[in-house]
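Okay, structure first, notes after.
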Amino acid sequence: MRYVIIGIGPAGMAAADAIREIDEKSELVMITSEEVAGYSKPLITYFLGGKVDEKRMFYRFPWCFEEKNISVMTGTEIVQVDPNEKRVISKRGEEIPYDKLLIATGGSPFVPKIEGVEKEGVFTFTQWKDSKMVASYIVENNVAKAVVLGGGLIGLKTTEALLELGLKVSVVELADRILATTFDKKASQIMTRALQSRGCEVYTDDTVVQVKGKRKVSKVLLKSGREIKTKLLIIAVGVRPNVGFLEGSGIEVNRGVIVNERMETNVENVFAAGDCAEFRDPSTGESTNIAIWPVAFAEGEVAGYNMAGRPVKYQGGVPMNSVELAGLATISVGFTNVEDNGVEILKYFKEEENVYRKLVLKDGRLIGAVFVGDIDRAGIYTGLILQKVDVSSFKNDLLREDFGLVYLPKEYRKKLMEGELKVWLE
Amino acid sequence: MKKKKILVKEEYCIGCRLCEIYCVTAHSESKNLIKVFRYELGEVAPTVIVEEKEYTTFAVQCRHCEKASCVQACITGAMHRDNGTGAIYVDQEKCVGCWMCIMVCPYGVIKRGVNKKKVASKCDLCVDREMPACVENCPNEALVLTEVGES
Amino acid sequence: MAKRRPPADFVVERDDYKCIRCLACVRTCSYGANFYDERANRVFTENLKCVGCHFCEAICPTEAILVRHNPLATRENAHWTSEAVTDIMKQAETGGVLLTSMGNDKPHFTYFDRMVLNASQVTNPSIDPLREPMEIRTYLGRKPLALELENIEGGIALKTRIAPQLKLEVPIMFSAMSYGSISLNASKSLARGAQMMGTYFNTGEGGLHKDLKEFGENMIVQCASGRFGVNVDYLNAGAAVEIKIGQGAKPGIGGHLPGEKVTEPISETRMIPVGTDAISPAPHHDIYSIEDLRQLIYAIKEATRYEKPVGVKIAAVHNVAPIASGIVRAGADFVVIDGIRGGTGATPKVTRDNVGIPIELAVAVVDQRLRDEGIRHLASIVVAGGIKRSSDVVKAIALGADAVYIGTAALVALGCHLCQKCYMGKCNWGIATQDPKLVRRLNPEIGARRVANLLRAWALEIKEILGGMGINAIESLRGNRDVLRGVGLHEHELELLGIKPAGEAW
Amino acid sequence: MVRVNASGLHYKELNAMVRELLDRGEREIEIHDVCGQRYIGAGLSVKDAVIKVYGTPGNDLGAFMNGGQIEVFSNAQDGIGNTANSGTIVIHGDCGDITGHSMRGGKIYVRGSAGYRVGIHMKSYGENFPIMVIGGFVRDFLAEYMAGGLLIVLGLEKDEGGNIVGNFVGTGMHGGTLYIRGNVEEHQLGKEVKIQKAGRSDLERIRLYIEEFCKYFGFDPDEITSGAFLKLEPYTHRPYGKLYAY
């Protein structure tokens, strides 16, 4: 048996672990287009901000691969999958045969059409090398001010890193507020104020339409007509599943690679997991592509088990994000922007302490939660969301400051305490 | 592998919160209750949480889950399972304080560190002691240490 | 005019250096005596609320707390004691009967402490119980005068039909304490402890909680004047039935569980509605004579098909010997005599402290009377009321008992500090309370272990003492008053006890 | 149906015989020539058993009874239905003291009169609700300490002084209801009970039991219910609440 995993992100690594849990002997090959393997992508903004050094970037040290008998191919970009011959082909022309294949290629940054975007000083920000390049660009060019296009999580985490480095930063966001996709309005507003209080400018309902300068960026022109002087523009408007290389392979792709609850694609022996995968829930028929670390990890694990022959089903996930910006910790879980009729919203806001909690309920169940400032014990709510627990009997306690397991129904608590609940897997 | 596990006997917790105090002390510099109170508060916090509602009280600390969401969600590898003890520890050198673990822990037992280090803090089953401090000092045996798994 | 207020019985002293403001004492005091002042960041005690149960002292992790006695510091007066004065103050205020709990705390003479035991020297060598057989198993119940055997195919069989017996691995049982007077966790502790040690606990007259049914083989069920929870299933649920006529802490008076303590679960076991008083009349109204008592004994035997021993419990009073004789003649399989030091959950103080006679005298005269009448074998004698150490057990048996009941001693093993406030229902130790928050403080696993430990320790000590006397079976100790000698007792007391003064040989 | 002759039998033998018959599955037992044997039906728990007693049974008939029916075709003695939980006892004659002592459930119907302390400490719990109907008069301390259930005295016979009940009626009573057909003087009452005229709803409440009484003994329920009833109830469920100093 020969397992091949394309991509060494959380999905790929979780899959490798799961495979090795069952099958210690078979050949296992992991392939990445990047030059280094086993580092943690979410840490690249921390690296830029100087919070994490080179050594701590590694989620998994290279020797762990050896220890687990995993061969790693770095700098190897796969350009074709050939299910008929059961092999993948690299840009360099290498042919790598597989018995079981996992596609865990993650996402690639999306770059909108902007005039002058090819100039020096314009970066996307999804890989370690981006982080390194930006860092040296700042030093080499004495950059004191940066513009970040995109007020989503990557954009803001990058902003945070740049602020840490002492730069002035302007954030430009096309939507009417930052964090529009992951957080609700109130949370966006609090975070905006927190960023502003650290000297960061935030422009919403706006975008960059032109990058000016000769060879290098000198200023950017916004749609609103405003011009901002800057030597650095970081484009962080989102990522797309990295699936272009699958064209012609016969593997079904919508936004991402379509997979079932066992992370199987439509093609035999080919699995997909993580940001590049699109989970089609067999019970609802709905497809979701939730590009977050825990989901990638869980999907990867499910894929790994199934590849190695242990039938395991994925239970589906919800979007969730945790980030600390401008000293404010925030967590968002599930559906927090829903505003249809059947939804009940519980809120709690302490302005002076920047503490905000919002819970979204539907049909007696918690479907979303937002926490700003005070995030302690947020995971209890995540548990309730994932387990689809009926919360109507203790609805009024949900927002208590001392809310905890003691307010949960005794049955649920008992199960929880005895460790009987499995969150991601069946 | 034999794995230590703390059982929470909800029906016998008397809500005295001594577990918290002994937890703090066990993880303090001086290991002395009075000195901790006088000189070290603010630098250590308990990783056992006592919950209370009417007649129900109980102490809860990291369950060291079989399938640990916190380990899965950790972006740095700081949250890890020790292969020797089977327990889950957080490597505070690695942790960057992204709070993904807090987001996913269904017990809500991971805390943001109280000292200057803004890193996750959780029950370590008192690695350097035979018996976790909370268990040893629970006056009503509402916390009980058991060992599960094969030896 | 100043308010007349009795002084605080106790003072709680707190070492402020040692106090770490963990507030365990504040959180756990059921009387609300301890409180925390946030602004001063200090913990204080309202001494008047303190009952001296020492729970805070026990829970304090830094030994910062000391609970001290606080007698009314009037001019020293051997006659008008602090207690006498404060009692009057309370009664002048309320006009009520003074209520108290637990056993008699007055310095009445304790005969156990004035009797000493023998030991072998040279003659009749002593026995080492660690290496040689030592029998302390005891059977309670009617014994035949003689055994008749018959030849059967392949051997000999016992022809005499033996009346039902209780088999005790240690001659110590837990005396009647109802669920209601004590918590379910306290009952469970005793039940499990009895099971662990091969002896019995007693339901008291509170009926039978469903959680205790499983301990039936180690249970004596009680039938008292209130007949609470008594039905045919109850009578058959245990190993024996005990009819309670009287109790050492309150001879001659009934019982009364106030309606506010009749909670849902209590109502279920007592089989009365929630919130109504549970009144146990002073007498059984179907028993006004020995003949009536016989009637109840046999009604119970009929209802239990003669399969269970039926005992009768009385308080030790002046006429105890003839009464006991009557009880035996009425058909009781065992007689329980509860002395003046017997405990209770609630009783008028005046009764507890003044009514009844010491158990040592009672057992001696009862044993003698039954022997004199030739009916000692018809029933076993169980002695209760103030047994507090293993030597008391040995002395009681030497005076004629078959076994003893312990109540207070068992509760002390569970945590009781004899604050004598059981009737308040706020027991911090989770024993004499029904408050769920307090009940949980007594983990029955710990409780069972502790009471079993106590019995185990006493059993070892009893064996030591027996061995020292050269006796290898408790059978040989029973009524063996030769092993006792009195110190500083009057002649007539010695006569009643049936023992010689110390210094006198056989 | 089996017939047992009790003549010359000790109660222990008689009762063992009855129990054995029940254990064997007999459900109707007639005991003849009963002469003072005690504890007949004590602890009886067979719900569909019927025991018919001819002759005069001894004390504690039906003690601890928990189901079934006992019918006595003559007078009975003391302690009938002592601490009974359930079941029915029917007495065609008079009966003695403490009838229904501490009974918690079940029914007792007496055609004639009863002795002292009738219904003492009757109580009720949940589904268990004791009913007692006495046809004639009763002596002192009726319903003493009564804590629950329903007790009816019909006064179809009167005592030497023309009374239906003796003195100290309902002393210590703290639950349940007592109905008396006919007159009771204030001085006959214990201090814990209050007295009032029974209303229409009361009569509706007791009608069922009076009908059952009439069914057993052949009276006319309409005639009985046409008389005026008094209703006696305790003032409080907590008669001794304020006796103590803490």
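The values are calculated or read from the model by the stated rules, or taken from the named source; none is laboratory data. On a predicted model such as this, the values are computed, not experimentally measured, just so you know. Note that we place each Cβ from the backbone using ideal geometry, even for glycine, and neighbour counts take in every protein chain shown. SASA here: full protein model, heavy atoms, side chains in, ligands and nucleic acids out. Shrake-Rupley method; radii C 1.70, N 1.55, O 1.52, S 1.80 Å.
What to note about this one:
- Number of positions in segment A:400-420 that are more than 7 Å from chain B (Cβ to nearest Cβ) and either in contact (Cβ under 8 Å) with a residue 40 or more places away in the chain or open to solvent by 30 Å² or more (accessible area, probe 1.4 Å) (or both): 10
- Contact map, segment A:383-399: residues that are part of a loop (DSSP other than H, G, I, E, B) paired with residues that are crowded, with 18+ Cβ neighbours inside 10 Å and among the charged types (D, E, K, R), Cβ distance under 7 Å, separation 6+ or inter-chain. Pairs shown: A:Leu399/A:Arg357.
- Any hit, segment C:213-225, residues being open to solvent by 20 Å² or more (accessible area, probe 1.4 Å) and under 20 Å from C:Gln434 (Cβ atoms): yes
- Lone unmet requirement of (1) of a type in the set (Phe, Trp, Tyr); (2) touching a residue at least 12 places away in the same chain (Cβ under 8 Å); (3) in the same structural domain as B:Arg129 (by TED's automatic domain parsing) for B:Tyr55: (2)
- Among strands (runs of 3 or more DSSP E) entirely within segment B:41-151, having at least 2 residues that are closer than 29 Å to C:Ser189 by Cα and at the interface with another protein chain (Cβ under 8 Å from one of its Cβ atoms) singles out B:49-53, B:56-60.
- C:Ser189 vs. criteria polar (S, T, N, Q) and touching a Lys or Arg at 6+ places or on another chain (Cβ under 8 Å): yes
- Pairing residues of segment D:216-244 that are under 30 Å from D:Lys52 (Cα atoms) and modelled with pLDDT of 95 or more with residues that are part of a loop (DSSP other than H, G, I, E, B) and open to solvent by 70 Å² or more (accessible area, probe 1.4 Å), at Cβ distances under 7 Å and at least 6 apart in sequence or on separate chains, gives D:Phe217/D:Arg111.
- Criterion (among the β-branched types (Val, Ile, Thr), at pLDDT below 95 and open to solvent by less than 60 Å² (accessible area, probe 1.4 Å)) met by exactly one of A:Val257, A:Val208, A:Val239: A:Val239
- Within segment C:293-315, being β-branched (Val, Ile, Thr) and away from chain D (no Cβ under 12 Å) holds for C:Val310, C:Val312, C:Ile314.
- Inside segment C:473-504, residues that are open to solvent by 70 Å² or more (accessible area, probe 1.4 Å) and farther than 22 Å from C:Asp367 by Cα make up a count of 2.
Residue-wise test of (1) assigned by TED's automatic domain parsing to the domain that holds B:Val48; (2) open to solvent by 40 Å² or more (accessible area, probe 1.4 Å).
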| site | (1), (2) |
| --- | --- |
| B:Ala87 | no, no |
| B:Met100 | no, no |
| B:Cys105 | no, no |
| B:Val114 | no, yes |
| B:Lys118 | no, yes |
| B:Glu136 | yes, yes |
| B:Asn140 | yes, no |
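- When segment D:106-149 is limited to residues that are of a type in the set (Ser, Thr, Tyr) and open to solvent by less than 10 Å² (accessible area, probe 1.4 Å), the one that is farthest from the other protein chains (Cβ to nearest Cβ) turns out to be D:Tyr109.
- Selected residue (only one of C:Ala364, C:Ala332 is in contact with a Leu (Cβ under 9 Å, 6 or more places away or on another chain), open to solvent by less than 10 Å² (accessible area, probe 1.4 Å), of a type in the set (A, V, I, L, M) and under 30 Å from C:Leu257 (Cα atoms)): C:Ala332
- From the list C:Ile375, C:Ile406, C:Ile387, C:Ile397, the one residue that fits, being in contact with a Phe, Trp or Tyr (Cβ under 7 Å, 6 or more places away or on another chain) and either open to solvent by less than 40 Å² (accessible area, probe 1.4 Å) or assigned by TED's automatic domain parsing to the domain that holds C:Val483 (or both), is C:Ile406.
- Positions within segment D:6-58 being in contact (Cβ under 8 Å) with a residue 24 or more places away in the chain, surrounded by 13 or more Cβ atoms within 10 Å (Cβ to Cβ), away from chain C (no Cβ under 14 Å) and in a strand (DSSP E or B), in sequence order: D:Glu28, D:Ile29, D:Glu30, D:Ile31, D:His32, D:Asp33, D:Val34, D:Lys52, D:Tyr54, D:Gly55
- Restricting A:Ser170, A:Ser188 to those that are polar (S, T, N, Q) and assigned to a strand (DSSP E or B) reduces the list to A:Ser170.
- Test: residue in segment D:150-173 that is within 13 Å of chain C (Cβ to nearest Cβ), open to solvent by less than 10 Å² (accessible area, probe 1.4 Å) and out of contact with any strand residue (DSSP E or B) (no Cβ under 6 Å at 6 or more places or on another chain): yes
Yes or no, residue by residue, for (1) at pLDDT below 95; (2) in a helix (DSSP H, G or I); (3) touching an Asp or Glu at 6+ places or on another chain (Cβ under 8 Å):
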{"residue": "C:Ile462", "(1), (2), (3)": "no, yes, no"}
{"residue": "C:Gly467", "(1), (2), (3)": "no, yes, yes"}
{"residue": "C:Arg478", "(1), (2), (3)": "no, no, yes"}
{"residue": "C:Leu489", "(1), (2), (3)": "no, no, no"}
{"residue": "C:His492", "(1), (2), (3)": "no, yes, no"}
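- Here the condition is being without any contact (Cβ under 8 Å) to a residue 40 or more places away in the chain and closer than 25 Å to D:Phe219 by Cα; of D:Ile131, D:Ile91, D:Ile120, it holds for D:Ile91 alone.
- Of all residues assigned to segment D:85-97, at least one qualifies as being within 10 Å of another protein chain (Cβ to nearest Cβ), among the charged types (D, E, K, R) and either under 20 Å from D:Asn183 (Cα atoms) or open to solvent by 10 Å² or more (accessible area, probe 1.4 Å) (or both).
- Residue, nearest to C:Gly470 (Cα to Cα), within segment C:90-123, restricted to residues that are open to solvent by 80 Å² or more (accessible area, probe 1.4 Å) and touching a residue at least 24 places away in the same chain (Cβ under 8 Å): C:Arg114
- For C:Ile340, the conditions (1) more than 14 Å from chain D (Cβ to nearest Cβ); (2) open to solvent by less than 10 Å² (accessible area, probe 1.4 Å); (3) part of a loop (DSSP other than H, G, I, E, B) are fulfilled apart from (2).
Quick grid of which residues meet (1) within 14 Å of chain D (Cβ to nearest Cβ); (2) without any contact (Cβ under 8 Å) to a residue 24 or more places away in the chain; (3) aromatic (Phe, Trp, Tyr):
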residue	(1), (2), (3)
C:Gly52	no, no, no
C:Arg75	no, yes, no
C:Trp80	no, yes, yes
C:Pro125	no, no, no
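- Test: residue in segment C:446-469 that is of a type in the set (A, V, I, L, M, F, W, C) and within 14 Å of chain B (Cβ to nearest Cβ): yes
- Candidates are the residues of segment C:127-168 that are in contact (Cβ under 8 Å) with a residue 40 or more places away in the chain and farther than 19 Å from C:Ala459 by Cα; the one that is most open to solvent (accessible area, probe 1.4 Å) is C:Leu145.
- Just one of the listed residues (A:Lys41, A:Lys25) is open to solvent by 30 Å² or more (accessible area, probe 1.4 Å), within 30 Å of A:Lys231 (Cα to Cα), at pLDDT below 95 and charged (D, E, K, R), namely A:Lys41.
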